[in-house]
Amino acid sequence: MTVAVRASVASRTLPACAGLVALACVGSVLWSGLAERPVALAFGAFVALGELARRTGEEGPEAAPVATAGALAYALLGDVAGRPTHHGVAQTVTVVLVGSLLGGAPHIARGDGRLAGRLARRVLTVGFAAVCFQPLFNQGAFRALSGPAYALLLVALLALTALYDGVLAALPARTGRAPRALGPLLREELRGMAGITSAVCATGVTLALAVAVAGLWALPVFSVPLLLTQLSHRRYAAVRATYRQTIASLARATEVAGCTPAGHARRVADLSGAVGRELGLSGPELTVLEYAALMHDIGQLSLVDPVPDGATAALPVPEQRRIALLGGAVVRRTGVDAAVAVVVESQADPRDDQPPAARIVRAVNAYEERARAAGPGGALTALEELRLATGGDYAPEVVEALARVIARGCLTVPVAG
C-alpha cells in the first residue's frame, strides 16, 4: 500500500467509524425514545453552548473545553440529585452529537470545515467512556462504591478515555503522508494533555459528581472555573502566537539582507522539529529547538562580507564559531529565552559539548545547504556526506533520525538555481 493510499484511508477511517457509531446510536434512540428528557436537554444545551464558544480554527479538547467536559460528564453520569439515570450509551452519543452539531453550525457558516473531524473524534471518545461506565452502572456493578472510591473510579475511567483519545489523535499521523511510529506519537499526544486537557477531565468528573448530588443546577455553577481557564489559555495562546511571529520576523532578516536563501530558516526549523520529535524531545524542548533553528543564521547580519549562499557549514570551524557567538549575542538582546541563545551559540562547538538541540540544528543546517547545492538527488548525497562525517562533526543518532524523516518524505529541499 503506497503512502498516498495510506493517507487517504487514514483520513476516511475514523470519520467512517464515527459515522457508523452515530447512525446506530441515533437509530436506537429514535426507536426506543429519549429517556429522562430534562437531563438530556440540559446536557445537550450545555455541549452546544460549549461548542458555540469555540474559537474558529482551534483544535483539540482545549479549543472547546466546556463542551468536552459536559460530554464526558454525561457519559459518566449515574445519578441526578440522588435518582439513578438510565440513558445508556446510545443516548449519550446522540445527545453529544446533536449538541455539537447545533453549537458547531455557526462555525460552519463562517467557513470552518473541520467540524466533521472534530465530531468523529468526540463521538468515538465519548462513546468509549459511556461503554466503560453506563452498562456496568445500570447493572449495579458500582453501587457498592461511594465517596472517594467512586470518585477515583471516575478519574480512572477518564484517564483510560484520555489514553484512548490520544490513540485516536495519533493514528492519522501514524498512517498519513509522513507515517511515524505509534509510540512516539502517542507520547507526544499524552504530553500535550498535561495542560488544560487535565482540567477538562477533572471538570468532567466534578460535573458528574455534582449533578449526582445537587442536580442540574450544578452544570452552570461548576463550569465557571473551566470557563476562566479557557479564557486564560486563549490569552496565553495569543501571547505565544505573537512571540512566535516576532521570532519568525527576526529570522527573515537574514533573507531580506541577502545573507541566506529565501525560506532557508523555515525549512531548517521545520525539519529540525521533525527530527526532534523523532528523537523524543518534549514540548518545551521542541519550542526551544524551533526558535533556535529559525535564528541559527542571525549572526551573519554582523558580517562585513556575506557568506556565499549563506552556506556556513562549509566554513572553517573558527569562522563558524565566530558567527554562532555573534548570533547568540543578537538573540540575547532580543529578549528571547536564554536557552535559545545557548543553542545558537553552541551549534559550532565540538559535538560532545553541544546540547541535543544544537546537534540537531547543526546537522539539519548542513543537510539543507548540501542538498540544495547538489541539485536533483542531492538529498541522498547530503545524507551520505553527513554519515561519513559523523565521527567528528555530526551526532550519528541525529543523522539517522534525519535519514528516517527524509525517507518518509516529510519535507523537500529546493534545487539550487
Open item on the list: Looking at the stretch 79-115 only, could you name the residues that are among the charged types (D, E, K, R), open to solvent by 40 Å² or more (accessible area, probe 1.4 Å) and more than 30 Å from ALA151 (Cβ to Cβ)?
Closed with: ARG110, ARG114
- [ ] Taking the residues in the stretch 210-232 that are open to solvent by 60 Å² or more (accessible area, probe 1.4 Å) and within 14 Å of PRO65 (Cα to Cα) as candidates, determine which candidate is modelled with the highest pLDDT.
- [x] PRO220
TODO: Scan the stretch 28-73 for residues that are at positive phi and at pLDDT below 85 and report the count.
DONE: 2
Task: Subset tally (residues that are open to solvent by 30 Å² or more (accessible area, probe 1.4 Å) and either touching a Phe, Trp or Tyr at 6+ places or on another chain (Cβ under 6 Å) or at pLDDT below 80 (or both)) for the stretch 366-384 - done: 7
Task: Criterion: modelled with pLDDT under 75, farther than 22 Å from ARG83 by Cα and not in a helix (DSSP H, G or I) - qualifying residue of PRO179, PRO184, PRO172 - done: PRO179
- [ ] Find all pairs meeting these conditions: Cβ atoms under 8 angstrom apart; at least six residues apart or on different chains; first residue within the stretch 307-334 and within 16 Å of PRO261 (Cβ to Cβ) and of a type in the set (Ser, Thr, Tyr); second residue open to solvent by less than 40 Å² (accessible area, probe 1.4 Å) and not in a helix (DSSP H, G or I).
- [x] THR312/ASP297
Open item on the list: Regarding the stretch 143-163, can at least one residue be identified that is open to solvent by 10 Å² or more (accessible area, probe 1.4 Å), of a type in the set (A, V, I, L, M) and outside any helix (DSSP H, G or I)?
Closed with: yes
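The values are calculated or read from the model by the stated rules, or taken from the named source; none is laboratory data. Bear in mind that the values here come from a model prediction, so they are computed numbers and not experimental data. Cβ atoms come from the backbone with ideal geometry, glycine included; neighbour counts cover every protein chain shown. Each accessible area value is taken on the protein alone, full model and side chains, heavy atoms only, with ligands, DNA and RNA left out. Shrake-Rupley method; radii C 1.70, N 1.55, O 1.52, S 1.80 Å.
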